[in-house]
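Written out below as structure tokens is the structure these notes cover.
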Amino acid sequence: MQITQTLQIEDYAGLKDIMQLDTKKEMYAYTQWNSVYFNSDDNELMIRDNTKEPAKMDSVTLANIYLNHKHYGIGTKIIDWLENYAKSQNAKICIIESILSTPMRNLALKKE
């Protein structure tokens, strides 16, 4: 029998704080399966946390991001937080999937 660990939104409070810097509106945060979601009317973030069972693939993925304000350092803070979180969970890799926009692509290349 496989044990399923549910994600605790409190473990991602730092990310919610960073996303709150980008908006003055109410932020919603929730988990579903191995994903964590933060969103408001004008920004959103989706993280796949594969450091817990049953996924247990030793990775954390920035799957989707949309920020209201570009070039304010918020994306860098999010990636720095994810890197630190991944290390604390003994993840072997931190992945950035969401690089469709030029600012996000440039940020990913900068953090490479």
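With a 1.4 Å probe and all protein chains left in place, how much of the accessible area of the chain comes from carbon and sulfur atoms, in whole percent? Numbers along the way, then the final one.
On the way: 3590 of 6930 Å².
Looking at the chain in its full context, I get 52 percent from C and S.
Summing Lys, Arg as +1 and Asp, Glu as -1, what charge do residues with Cβ under 15 Å from the Cβ of THR23 carry, THR23 excluded?
Values: positive: LYS16, LYS24, LYS25, LYS70, LYS77; negative: ASP17, ASP22, GLU26, ASP41, ASP42, GLU44.
That works out to -1.
Of GLN32, GLN8, MET57, which is farthest along the charge dipole of the chain in the positive direction, counting Lys and Arg as +1 and Asp and Glu as -1 at C-beta?
Comparing the listed Cα positions along the dipole, MET57 ranks first.
Of MET57, MET46, MET104, which has the most accessible area and how do the rest follow, probe 1.4 Å? Walk me through the numbers before you get to the answer.
Values: MET57 125, MET46 40, MET104 15 Å².
Ranked list, largest accessible area first: MET57, MET46, MET104.
Peptides 76-83, 23-30: what's the order by average Cβ count within 10 Å, highest mean first? Provide the component values of the computation, followed by the final result.
Values: 76-83: 17.6, 23-30: 12.9.
Output ranking for 76-83, 23-30: 76-83, 23-30.
The values are calculated or read from the model by the stated rules, or taken from the named source; none is laboratory data. Because the structure is a prediction, the values reported are computed rather than measured. As a convention, Cβ positions derive from the backbone with ideal geometry for all residues, glycine included, and neighbour counts pool all protein chains shown. Keep in mind that these areas ignore ligands, DNA and RNA; they rest on the heavy atoms of the full protein, side chains included. Shrake-Rupley method; radii C 1.70, N 1.55, O 1.52, S 1.80 Å.
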